[in-house]
């Protein structure tokens, strides 16, 4: 078969697929010349193949494709959640899915025995502290609740509050001593050297000097406002 004959055969197959049936001779002549049609029939006969047979094969393929599309559409319908038989059913389905997703994210999961966190809260804490850091903080809160029996409105905010308190404590430990700190340390050292601290005003043999001298001074006790 030359290119012209191949082209004519393809055109006839496309026509068959479009009509979804074997076209009549008149319909075939509408897309190709009479001589071309006869030549195609002769070429197929030379190969012991009938044009009708070739077009029937096309129909089988077309029918198979149609069936596959129909099955795919049926499968999609099975998995589609139908909430309302209206023209806006697709929009309602999307809204329902969004509500379900939000509800899942709002529901609290229990970690270990007592710690309750939503999916979103857990994700935020995981991003902030990392996997190991979050496990340690959940375990700490879980043990505290289990031993004390306390209740918190939000375990998520409790973990964050504890973290802030820990940071403040670390800052106080590592802060540079102020003049007031140095003065208090000097006075406390002096009181210890003369036996004042720990004896409530008792010096050496027990003579009473003031009676209300504190055990140790602190920066707060030096505030003139107190």
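With respect to the numbered conditions (1) in a helix (DSSP H, G or I); (2) loosely packed, with under 15 Cβ neighbours inside 10 Å, which one is the sole condition not fulfilled by residue 48? Only one criterion in (1) in a helix (DSSP H, G or I); (2) loosely packed, with under 15 Cβ neighbours inside 10 Å is unmet by residue 48, namely (1). Scanning region 7-29 for residues that are over 18 Å from residue 50 (Cβ atoms) and outside any helix (DSSP H, G or I) yields a total of 1.
Residues in region 16-54 that are under 14 Å from residue 6 (Cα atoms) and touching a residue at least 40 places away in the same chain (Cβ under 8 Å): 2 in all.
Tell me, please, whether a residue that is assigned to a loop (DSSP other than H, G, I, E, B), assigned by TED's automatic domain parsing to the domain that holds residue 120, surrounded by 13 or more Cβ atoms within 10 Å (Cβ to Cβ) and at pLDDT 90 or above can be found in region 149-171. Scanning region 149-171 turns up at least one residue that is assigned to a loop (DSSP other than H, G, I, E, B), assigned by TED's automatic domain parsing to the domain that holds residue 120, surrounded by 13 or more Cβ atoms within 10 Å (Cβ to Cβ) and at pLDDT 90 or above.
The values are calculated or read from the model by the stated rules, or taken from the named source; none is laboratory data. Keep in mind that this is a model prediction, so the values were computed, not measured. For neighbour counting, all protein chains shown are included, and Cβ atoms are generated from backbone atoms with ideal geometry for every residue, glycine included.
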